[in-house]
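The values are calculated or read from the model by the stated rules, or taken from the named source; none is laboratory data. Everything numeric here is computed off the predicted structure, so don't read it as measured data. As a convention, Cβ positions derive from the backbone with ideal geometry for all residues, glycine included, and neighbour counts pool all protein chains shown.
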Amino acid sequence: MTAIVLAAGKGERLGLNTPKQFIKINGKEMVKIAVERMFKLNPRIIILTTPKDYVERTRKLFEGVNSIKIIEGGKTRAESVLKALELVNEDDEVVLIHDGARPFFPVDKTLRCVRAAEEIGAATLAVPVKDTIAISSDNKIASFPDRSKLWALQTPQCFKAALIKKAHELLKKDNFLPTDDTSLILRYNLSEVKIVEGEHYNIKVTYPVDLAFASVIMEELVNE
Ligand code: CTP
Ligand code: MG
């Protein structure tokens, strides 16, 4: 398995000067927490994308660590994925794609996600939606989807390498800005995508309040 950890974003919604993945949670950079956890899955290699100005700093952060390749990411999340995929040669292995801003993904359930991708081609961690979701029109509620069918997708997401490479190849000629990778698999009709139920503590640090949640999660919830 090859793992791609995405850490080339700017963290604009968090609103700090430093990209969020380099912010420390209880003393450790978020990206470091995520990568150390990823090594528990025994990947062949971890490909880590960072912003251009952070490549050197990130190399220092992982000095002496084997099986990690640190590269400059792209302008969008999808471009960062594409750049990482260009370094994946094996077509029959599983590629796992993960947001570096989700440091607390559950290792056991991620293993299930990898197995599901081996079996059917693609899989994602997800949790049942806890809020009532409405579809709006002109800032008024237009309709309600049936909550029992709604899932909030997380990462890791896992794919057969050939499938995800094909998906990103097709995206090059498509005017679409995906926020994850399973959406491409369905958009181009490449495979079914299995849902593996994850954990609510696998948050993506996005807004300032998430830093407080992250600190508590690290201290009290995650014991793997
Ligand atoms: N990411 C990336 N390359 C980009 C944009 C995003 O590798 N060009 C990564 C981010 O570092 C993050 C993950 O993709 O780990 C999910 O993206 P998101 O949560 O949107 O992070 P940011 O884009 O950094 O945040 P924002 O959208 O608030 O600016
Ligand atoms: Mg973003």
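Quick one: is Leu153 in contact with a Ser or Thr (Cβ under 7 Å, 6 or more places away or on another chain) and under 15 Å from Ala122 (Cα atoms)? Spelling it out, Leu153 is indeed in contact with a Ser or Thr (Cβ under 7 Å, 6 or more places away or on another chain) and under 15 Å from Ala122 (Cα atoms).
Selection of the stretch 153-168 for residues being out of contact with any helix residue (DSSP H, G or I) (no Cβ under 8 Å at 6 or more places or on another chain) and crowded, with 21+ Cβ neighbours inside 10 Å yields Gln154, Thr155. Kindly indicate whether any position in the stretch 125-139 is in contact (Cβ under 8 Å) with a residue 60 or more places away in the chain, of a type outside the set (Ser, Thr, Tyr), under 21 Å from Ile46 (Cα atoms) and not in a loop (DSSP other than H, G, I, E, B). Checked against the condition, which is being in contact (Cβ under 8 Å) with a residue 60 or more places away in the chain, of a type outside the set (Ser, Thr, Tyr), under 21 Å from Ile46 (Cα atoms) and not in a loop (DSSP other than H, G, I, E, B), the stretch 125-139 yields at least one hit. Tell me whether the stretch 169-185 contains one or more residues that are among the aliphatic types (A, V, I, L, M), crowded, with 16+ Cβ neighbours inside 10 Å and touching a strand residue (DSSP E or B) at 6+ places or on another chain (Cβ under 6 Å). Yes, the stretch 169-185 has at least one match. Within the option set Lys28, Lys32, Lys69, being under 25 Å from Ala161 (Cβ atoms) and more than 16 Å from ligand 2 (Cβ to nearest atom) holds for one residue only, Lys69. Can you tell me which residue in the stretch 6-27 is farthest from ligand 1 (Cβ to nearest atom), limited to those that are charged (D, E, K, R) and without any contact (Cβ under 8 Å) to a residue 60 or more places away in the chain? Only one residue tops the list, namely Lys24. Entry remark, the stretch 48-79: residues being within 15 Å of Gly9 (Cα to Cα) and among the hydrophobic types (A, V, I, L, M, F, W, C) number 5 in total.
Filtering the stretch 177-209 to residues that are in a loop (DSSP other than H, G, I, E, B), in contact with a Leu (Cβ under 8 Å, 6 or more places away or on another chain) and closer than 22 Å to Val88 by Cβ leaves Pro178, Asp180, Tyr188, Leu190, Ser191, Val193. Only one entry in Lys75, Lys69, Lys60, Lys52 is surrounded by fewer than 16 Cβ atoms within 10 Å (Cβ to Cβ), modelled with pLDDT of 95 or more and near ligand 1 (Cβ under 10 Å from one of its atoms), namely Lys75. Just wondering, is there one or more residues in the stretch 126-139 that are within 16 Å of ligand 1 (Cβ to nearest atom), among the hydrophobic types (A, V, I, L, M, F, W, C) and out of contact with any helix residue (DSSP H, G or I) (no Cβ under 6 Å at 6 or more places or on another chain)? Yes: the stretch 126-139 contains one or more residues that are within 16 Å of ligand 1 (Cβ to nearest atom), among the hydrophobic types (A, V, I, L, M, F, W, C) and out of contact with any helix residue (DSSP H, G or I) (no Cβ under 6 Å at 6 or more places or on another chain). Do we find a residue being of a type in the set (Lys, Arg) and part of a helix (DSSP H, G or I) anywhere in the stretch 162-173? Within the stretch 162-173 (the criterion being of a type in the set (Lys, Arg) and part of a helix (DSSP H, G or I)), the answer is yes, since at least one residue qualifies. Against the list (1) of a type in the set (Gly, Ala, Ser); (2) in contact with a Lys or Arg (Cβ under 9 Å, 6 or more places away or on another chain); (3) part of a helix (DSSP H, G or I), the condition Ala212 fails is (2). Applying the condition of being in contact (Cβ under 8 Å) with a residue 12 or more places away in the chain and surrounded by fewer than 17 Cβ atoms within 10 Å (Cβ to Cβ) to the stretch 189-202 and asking which residue is farthest from ligand 2 (Cβ to nearest atom) yields Glu192. Regarding Gly15, is this residue more than 14 Å from ligand 2 (Cβ to nearest atom) and over 20 Å from Leu96 (Cα atoms)? When the stated conditions are applied, Gly15 does not pass them.
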